[in-house]
Amino acid sequence: MWQRGLNWTAIVMVGIFGLMWVGIVIYADKGSPLWMRIVQVIFGLLLMTWAVRKAVRMAGKA
């Protein structure tokens, strides 16, 4: 039971971190070159995609 709750917590935290990463890169990071911001947005989207995929997989197990 604890393991399942901790798994959900980790998935939510990674998803929130990915969302915050993209938001910070888009709105706050004006000093970086465009290509670097694009790479960082891709990284944030990758984190969010991972979190959604894991959440769907966990919900399917329930």
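With the structure loaded, tell me whether residue 14 is within 18 Å of the chain's Cα centre (by Cα) and surrounded by 13 or more Cβ atoms within 10 Å (Cβ to Cβ) or whether it fails that test.
Working: within 18 Å of the chain's Cα centre (by Cα): yes; surrounded by 13 or more Cβ atoms within 10 Å (Cβ to Cβ): yes.
So residue 14 passes the test.
For every residue, the table says whether it meets (1) in a helix (DSSP H, G or I); (2) free of Cβ contacts under 8 Å to residues at least 12 places away in the same chain; (3) of a type outside the set (A, V, I, L, M, F, W, C).
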residue	(1), (2), (3)
7	yes, no, yes
11	yes, no, no
17	yes, no, no
25	yes, no, no
32	no, yes, yes
38	yes, yes, no
44	yes, no, yes
53	yes, yes, yes
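Here, each number is a calculation from the coordinates, and none is a lab measurement. No experiment lies behind these values; they were computed from the predicted model shown. As a convention, Cβ positions derive from the backbone with ideal geometry for all residues, glycine included, and neighbour counts pool all protein chains shown.
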